[in-house]
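All of the numbers you see were taken from the coordinates with simple rules; none came from a lab. These figures come from a predicted structure and were not determined experimentally. Counting neighbours? That spans all protein chains shown, and the Cβs are built from the backbone with ideal geometry, glycine included.
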Ligand code: AHR
């Protein structure tokens, strides 16, 4: 650690970067491993609803606060024929899925998934296959989902039991087409061409759709930057978002760098925003392409064999990472980073939702439980409303091997003027406790409601038996006045603070709320 050891954070209601899009709290449901089968869907399970979806999982999805779900992949989509997944289940084919070397039974398809999201009040985000399929299939899927009837595909949907259109607004134009592992991987030029054509055809079917083109699969991929420039040059007028994907893990026991993953995400987003701005300047356009960070998480890829080495099986487990409280602190930090870019990042998806590198786990024919990473996501999704505040922070720096000097404390805050609520999220990335003075004099009638935290411990991955003991607990040391709040953040911890801005009913001044 270097620099001054006292941390001062200032927030003000007038100093903000605009609203937090609620679509920032999305997740990916991919036909991969046990995310769909024995994850969200298991007709034989005692808790299954009449459509075969697990109600115990649905309850946790609701508690997690997810707002949007991206489907059906991921790499899976690049070999997927969506027509396999519609109509009577007994007639649907069993296909070899090359992405994850699985047998896809197609017992869940477009209508089933969209029925599930509709019952849960989630916004769907569908990906079309631009790897082994193309413009015709993409436009037909929009027709199937969004036209009321009177055409081949919309009538097929009606015949399959969905009389009303699904009204799917958000669509991904393929997945990770920059990656050599992707079925149908191609050059930026050719991808931009097919993405633009698909986009135009899809908008001809339904002009209200919003479209996400593939950006880079990870920051270090050699084509990052040039890929985006080409896509924006050729398809910039046809798309609304560019995607970003990033997964983080601890390498060689380098915990400091791992805990600073938010700083790496921060530079990735800055670089992407600069690339978008440069392309807009060249194209002399004011039309803003936003960012859809539609895959992010902690994922121990170094423990994963690689798809080519997997045995072919039917929904066998795939990358079921078991998370620790350290991973949860990193997830909290990554969420703060996304909030701190709310003016550019409008959509984000934790990848994935159930069983596959997921906050929610299930046992086939058994229980479901929350991984440690569930808790920061649920807290941020529940409390981050309104505008994303600019947090002016003076903090010591932490020297890391992978990311250089990073701020020891990462802070994000939101202010909801309608409900008069403020939320502040703080990560102490360093190995020493830190005292933070949070200055909030510009907020009238500041009343602290809760300060909860999650310290990282050394207990390692938490399987089912010990995962249930992990939760956010009240931060022991904090005190607040109307002008500032003082908090002692334990080493390597994540904290969530909530304040209300309503005057006391009895007209009393803001009480000193002390927990020392
Ligand atoms: O989420 C797992 C995989 O990671 C997705 O299928 C792919 O898009 C990414 O590489």
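Descriptive notes on the structure:
- Cβ crowding within 10 Å, taken as a proxy for footprinting-reagent exposure, orders 295, 437, 250, 418 from fewest neighbours to most as 418, 437, 250, 295.
- Region 1-79-region 394-455 distance, computed between alpha-carbon centres (Å): 23
- Cα-based helix-to-principal-axis angle, 135-146 vs the chain, degrees rounded to 10: 70
- Counted by neighbouring Cβ atoms within 10 Å, the residues 290, 167 run from fewest to most as 167, 290.
- nm² value of the averaged projected area, convex hull over the Cα atoms of region 336-392: 4.9
- Reciprocal of mean inverse Cα separation for region 293-376 (Kirkwood radius, Å): 14.2
- Descending Cα extents along the principal axes, the chain, whole Å: 67, 58, 52
- With Cα atoms, 0 to 90° folded angle of helix 325-339 axis to the chain main axis: 80
- Counting only DSSP beta bridges with both residues in the chain, the antiparallel share comes to about 60 percent.
- Ranking of 319, 86 by neighbouring Cβ atoms within 10 Å, starting from the fewest: 319, 86.
- Against the chain, whose longest principal axis is taken from its Cα atoms, helix 226-235 shows a tilt of about 60°.
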